[in-house]
1. Within the range 58-90, how many residues turn out to be closer than 15 Å to V133 by Cβ and either among the hydrophobic types (A, V, I, L, M, F, W, C) or assigned to a strand (DSSP E or B) (or both)?
2. Could you please give the count of residues in the range 125-147 that are crowded, with 16+ Cβ neighbours inside 10 Å and either touching a helix residue (DSSP H, G or I) at 6+ places or on another chain (Cβ under 6 Å) or not β-branched (V, I, T) (or both)?
3. Suppose the filter is modelled with pLDDT of 95 or more, open to solvent by 10 Å² or more (accessible area, probe 1.4 Å) and closer than 19 Å to T152 by Cβ; does S61 pass it?
4. Scan the range 159-173 for residues that are assigned to a helix (DSSP H, G or I), open to solvent by 50 Å² or more (accessible area, probe 1.4 Å) and in contact (Cβ under 8 Å) with a residue 24 or more places away in the chain and jot them down.
5. For T112, all conditions in the list (1) of a type in the set (S, T, Y); (2) open to solvent by less than 70 Å² (accessible area, probe 1.4 Å); (3) at pLDDT 95 or above hold save one; what is the number of the exception?
6. Pairs needed: first member in the range 92-103, part of a strand (DSSP E or B); second member anywhere, among the β-branched types (V, I, T) and surrounded by 15 or more Cβ atoms within 10 Å (Cβ to Cβ); C-beta distance under 8 Å; at least 6 residues apart or different chains.
7. Return the residues of the range 75-133 that are among the acidic types (D, E) and within 21 Å of L8 (Cα to Cα); say none if nothing qualifies.
8. Can you confirm whether the range 36-46 contains a residue that is in contact with a helix residue (DSSP H, G or I) (Cβ under 7 Å, 6 or more places away or on another chain), among the aromatic types (F, W, Y), surrounded by fewer than 18 Cβ atoms within 10 Å (Cβ to Cβ) and modelled with pLDDT of 95 or more?
Amino acid sequence: MSAADEILDIVDENDVVVGQSPRGEAYARGLRHRCVFIQARDARGRLFVHRRTPTKLVFPSLYDMFVGGVVGAGESYDSAALREAEEELGVSGLPRPVPLFKFLYDNGSGQTWWSAVYEVRCELPVNPQTEEVAWHDFLTDEEVERHLPDWTWVPDGLAAYERLKDHRATGTD
């Protein structure tokens, strides 16, 4: 099954399931669904950053400071967070990612999804999926901040990153 054929729960503005749709159709029609964003840090506290492959359905070849992806039909946010983190980092046996907050991402142009943000410590050697990750490294927070203006970042990840900074600074979403 291709990524476009994966079945997703379609949700309303309150994150209540109202139907199901193949992923490709959900993207094409701008149907609201669910996603997870996991900030992965190594043993030294550095952040996993990567550039997406050019074959990704959404935001190909852009940089991201999260691993993650869509929540499958009937799957919980927590299960999706662990599955996506292990898949994209290429590891098994990660601790369960810690949920931080949820927000509704909406770019105003038909891309909208409920987004659950998590964090996880990955002290295992990573071996990212080559079909998902074109380049990766662990960067300090200062290095990430330095690259914010000169790298092209996925817009939903950037929105999650800004909300996460605010969350950590104020203790709120």
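The values are calculated or read from the model by the stated rules, or taken from the named source; none is laboratory data. On a predicted model such as this, the values are computed, not experimentally measured, just so you know. Positions of Cβ are backbone-derived with ideal geometry, glycine not excepted, and every protein chain shown enters the neighbour counts. Note: accessible area is taken over every heavy atom of the protein model, side chains too, but ligands, DNA and RNA are not part of it. Shrake-Rupley method; radii C 1.70, N 1.55, O 1.52, S 1.80 Å.
1. The total comes to 12.
2. Filtering the range 125-147 for residues crowded, with 16+ Cβ neighbours inside 10 Å gives 126, 128, 132-134, 136, 138-139, 144.
When the remaining residues are screened for being either touching a helix residue (DSSP H, G or I) at 6+ places or on another chain (Cβ under 6 Å) or not β-branched (V, I, T) (or both), the result is 126, 128, 132, 134, 136, 138-139.
The number of residues fulfilling the criteria is 7.
3. Details: modelled with pLDDT of 95 or more: yes; open to solvent by 10 Å² or more (accessible area, probe 1.4 Å): yes; closer than 19 Å to T152 by Cβ: yes.
For S61, the condition - modelled with pLDDT of 95 or more, open to solvent by 10 Å² or more (accessible area, probe 1.4 Å) and closer than 19 Å to T152 by Cβ - is met.
4. From the range 159-173, those assigned to a helix (DSSP H, G or I) are 159-170; that's our starting set.
So of that shortlist, the ones also open to solvent by 50 Å² or more (accessible area, probe 1.4 Å) come out as 162-163, 165-166, 168-170.
The answer is R163, and nothing else.
5. Answer for T112: the failing condition is (3).
6. V98/V120; P99/V117; L100/V117; F101/V117; K102/V117; F103/V117
7. Passing the criteria: E75, D78, E84, E86, E87, E88, D106, E131, E132.
8. At the first step, the residues of the range 36-46 found to be in contact with a helix residue (DSSP H, G or I) (Cβ under 7 Å, 6 or more places away or on another chain) are 36-40.
Retained after the next criterion (residues that are among the aromatic types (F, W, Y)): 37.
Subset that is surrounded by fewer than 18 Cβ atoms within 10 Å (Cβ to Cβ): none.
Checked the range 36-46: no residue is in contact with a helix residue (DSSP H, G or I) (Cβ under 7 Å, 6 or more places away or on another chain), among the aromatic types (F, W, Y), surrounded by fewer than 18 Cβ atoms within 10 Å (Cβ to Cβ) and modelled with pLDDT of 95 or more.
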